[in-house]
Amino acid sequence: MTNTLKTTVCAAALIFGGSAIAATPIQSVSVDVDLNAIQNAKAANYWTDVADDLEEEIVSRVTDIVDEKGASLSIDIDEVSLANSFERTFGWEENFMVGDVLISNPFDNSQHEFYTLKVSFEQAKAYFPENTDFEAITSDSPDYYESMIDAFAENVVSKLQ
């Protein structure tokens, strides 16, 4: 089952507070993850809400740049990287979240961009709670999950500037 969510940021702006400093106005955000493509059932269950959670985190960071003639932001998360990162028990430097990011705006041809974003565990460390024991953290902990989502969302939004 493909978990696809398309959210109009204008509506979400009423729900989520937050601010972002950016030059590219945003009309909508969508995140896609094909959970059936994750061959490892344990990893698929763990990442079940990643599309919703990542989308909500990005929306919360772009509410100040909502524009009905803004760009559409679409992200397709690499399911294989999710499964592989979940299963690694050593080598944190090899744990990452990868996704293809497409920014397109039919109203402004200068606002078209496509890139692949890779966020590592090392980058996500900045989003862990203070005093986290990184020797004890596991890939199935809530802090790991939330920090990876936060780091990915922040990287996407920072590229809108």
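The values are calculated or read from the model by the stated rules, or taken from the named source; none is laboratory data. None of the values given here were measured: they were computed from a predicted structure. We place every Cβ from the backbone using ideal geometry, glycine too, and count neighbours over all the protein chains shown. These area figures cover heavy atoms from the full protein model, side chains too; ligands, DNA and RNA do not enter into them. Shrake-Rupley method; radii C 1.70, N 1.55, O 1.52, S 1.80 Å.
What the table below lists for this structure:
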{"item": "Meets criteria (in contact with a strand residue (DSSP E or B) (Cβ under 9 Å, 6 or more places away or on another chain), within 17 Å of ALA43 (Cβ to Cβ) and hydroxyl-bearing (Ser, Thr, Tyr)) for SER141", "result": "no"}
{"item": "Selection count, region 24-62, where residues are farther than 20 Å from SER104 by Cβ and among the β-branched types (Val, Ile, Thr)", "result": "3"}
{"item": "Filter result for ASN45 (closer than 21 Å to VAL33 by Cα, polar (S, T, N, Q) and without any contact (Cβ under 8 Å) to a residue 12 or more places away in the chain)", "result": "yes"}
{"item": "Filter pass, ASN84 being open to solvent by less than 50 Å² (accessible area, probe 1.4 Å), under 24 Å from TYR145 (Cα atoms), of a type outside the set (Ser, Thr, Tyr) and modelled with pLDDT under 90", "result": "no"}
{"item": "Within region 27-54, considering residues that are of a type in the set (Ser, Thr, Tyr) and either in contact with a Lys or Arg (Cβ under 6 Å, 6 or more places away or on another chain) or assigned to a loop (DSSP other than H, G, I, E, B) (or both), the one modelled with the lowest pLDDT", "result": "THR48"}
{"item": "Out of TYR145, TYR115, sole residue that is open to solvent by 20 Å² or more (accessible area, probe 1.4 Å), among the hydroxyl-bearing types (Ser, Thr, Tyr) and assigned to a helix (DSSP H, G or I)", "result": "TYR145"}
{"item": "Options ILE38, ILE65: the member that is open to solvent by less than 50 Å² (accessible area, probe 1.4 Å), closer than 19 Å to ALA153 by Cβ and among the hydrophobic types (A, V, I, L, M, F, W, C)", "result": "ILE65"}
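So that you can scan it fast, the table gives a plain yes or no per residue for (1) free of Cβ contacts under 8 Å to residues at least 24 places away in the same chain; (2) open to solvent by less than 40 Å² (accessible area, probe 1.4 Å); (3) not in a strand (DSSP E or B):
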| residue | (1), (2), (3) |
| --- | --- |
| GLU56 | no, no, yes |
| ILE75 | no, yes, no |
| VAL80 | no, no, yes |
| LEU102 | no, no, no |
| GLN111 | no, yes, yes |
| VAL119 | no, yes, no |
| THR132 | yes, yes, yes |
